[in-house]
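To keep things clear, I will list the structure first and then write my remarks on it.
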Amino acid sequence: LLKWNDVGELMADVSIEDFINRVNEHLPSMTRDGFTSDSWRVEGRPTNEAVGLKSGVNVDPDKMAARILDVGAYPGNVKYIESITVSEQGDDYVIFTQKLKLPVLGGLQCVLKYQDHGDVDGYRMLSWHQLDDETAALDKSDGGARTEFNLGAWKIRSDEVAYALAAAPRKSDVGSLKYKMMTKGSDATGSGVLSNFIDTMIEWSQRD
């Protein structure tokens, strides 16, 4: 799969399968002591890929998977998500438009497909990837910058939760300073973002 960015440069492959394989390569060597994270550079990408791992938890993988797929309820429960519009949903997937409002940086939007893969190698696994054509069709004047790529994965078992992410905005949708903040800056703050999102989903899944 070849992908070109907005200035005509060839970017690294952004397939969800290869991303999950890279996450699986990093997870076994991560320490199981509270929260830890790891990140790595992929050639051709403006941002690192990253995974956060929280161990020593007590979660119900089925309940947490149900919360993750309940995207329509994200606004008000998940920080920075301004709106969600679901366009299609089945028993194990959901397609939706997501609009975020980030402090200082402003709006960011994309169309994603979440998929529940069931039990894989001892984990309940879910992934998402961007639908590129649908994201490109969004109006950047109504919702902010579109993402160039956006993909990730959850791996959940009763005693640990892993959350992995790779994303970047379209360079043509933002100014050079904001682009730097949303790429280099996001790498610098990535660990905190991963930790906060894991905690949010754990807490939400444990509510009655």
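Exactly one condition in (1) closer than 20 Å to ALA65 by Cβ; (2) open to solvent by 70 Å² or more (accessible area, probe 1.4 Å) is not met by ASP139; state its number.
Going through (1) closer than 20 Å to ALA65 by Cβ; (2) open to solvent by 70 Å² or more (accessible area, probe 1.4 Å) one by one, ASP139 breaks only (1).
Give all pairs with beta carbons closer than 7 Å in which a residue from the range 149-162 that is closer than 18 Å to THR31 by Cα and among the acidic types (Asp, Glu) meets a residue that is open to solvent by 10 Å² or more (accessible area, probe 1.4 Å) and not in a loop (DSSP other than H, G, I, E, B); count only pairs at least 6 apart in sequence or on separate chains.
From residues that are closer than 18 Å to THR31 by Cα and among the acidic types (Asp, Glu), the pairs are ASP159/SER55; GLU160/LYS54; GLU160/SER55.
Residues being surrounded by fewer than 18 Cβ atoms within 10 Å (Cβ to Cβ) and on the phi < 0 side of the Ramachandran plot: count how many of those fall in the range 49-68.
6
Might you check whether a residue that is in contact with a strand residue (DSSP E or B) (Cβ under 7 Å, 6 or more places away or on another chain), farther than 23 Å from GLY90 by Cα, surrounded by 15 or more Cβ atoms within 10 Å (Cβ to Cβ) and basic (Lys, Arg) occurs anywhere in the range 143-153?
yes
Among (1) touching a Phe, Trp or Tyr at 6+ places or on another chain (Cβ under 7 Å); (2) under 22 Å from VAL51 (Cα atoms); (3) open to solvent by less than 40 Å² (accessible area, probe 1.4 Å); (4) not acidic (Asp, Glu), where does GLY190 come up short?
All conditions pass for GLY190, except number (1).
Do you know which residues across the range 163-178 are open to solvent by 40 Å² or more (accessible area, probe 1.4 Å) and in a helix (DSSP H, G or I)?
If the condition is that a residue be open to solvent by 40 Å² or more (accessible area, probe 1.4 Å) and in a helix (DSSP H, G or I), then LYS171, SER172, SER176, LEU177, LYS178 are the ones that fit.
What is the number of the single condition among (1) open to solvent by 40 Å² or more (accessible area, probe 1.4 Å); (2) farther than 21 Å from THR85 by Cα; (3) part of a helix (DSSP H, G or I) that ARG207 does not meet?
ARG207 satisfies all of (1) open to solvent by 40 Å² or more (accessible area, probe 1.4 Å); (2) farther than 21 Å from THR85 by Cα; (3) part of a helix (DSSP H, G or I) except (3).
Just the residues that are open to solvent by 80 Å² or more (accessible area, probe 1.4 Å) and basic (Lys, Arg), please, taken from the range 69-101.
Listed by number, the residues that qualify are LYS79, LYS101.
What are the residue pairs meeting all of these: first residue in the range 47-60, first residue within 24 Å of LYS171 (Cα to Cα), second residue polar (S, T, N, Q) and open to solvent by less than 10 Å² (accessible area, probe 1.4 Å), Cβ atoms under 9 Å, and 6 or more apart or on different chains?
As it stands, the answer is THR47/THR183, since those pairs meet every condition given.
List the strands (runs of 3 or more DSSP E) that sit entirely inside the range 79-162 and contain at least 3 residues that are under 13 Å from the mean Cα position of the chain (by Cα) and within 18 Å of ASP62 (Cα to Cα).
123-130, 145-157
Please state which one of LEU138, LEU131, LEU165 is hydrophobic (A, V, I, L, M, F, W, C), over 27 Å from PHE35 (Cα atoms) and in contact (Cβ under 8 Å) with a residue 40 or more places away in the chain.
Step by step, each of LEU138, LEU131, LEU165 is checked, and only LEU138 is hydrophobic (A, V, I, L, M, F, W, C), over 27 Å from PHE35 (Cα atoms) and in contact (Cβ under 8 Å) with a residue 40 or more places away in the chain.
The values are calculated or read from the model by the stated rules, or taken from the named source; none is laboratory data. Bear in mind the structure is a predicted one, so any value in this text is a computation, not a measurement. Note that we place each Cβ from the backbone using ideal geometry, even for glycine, and neighbour counts take in every protein chain shown. All accessible areas refer to the heavy atoms of the entire protein, side chains included, with ligands and DNA or RNA removed. Shrake-Rupley method; radii C 1.70, N 1.55, O 1.52, S 1.80 Å.
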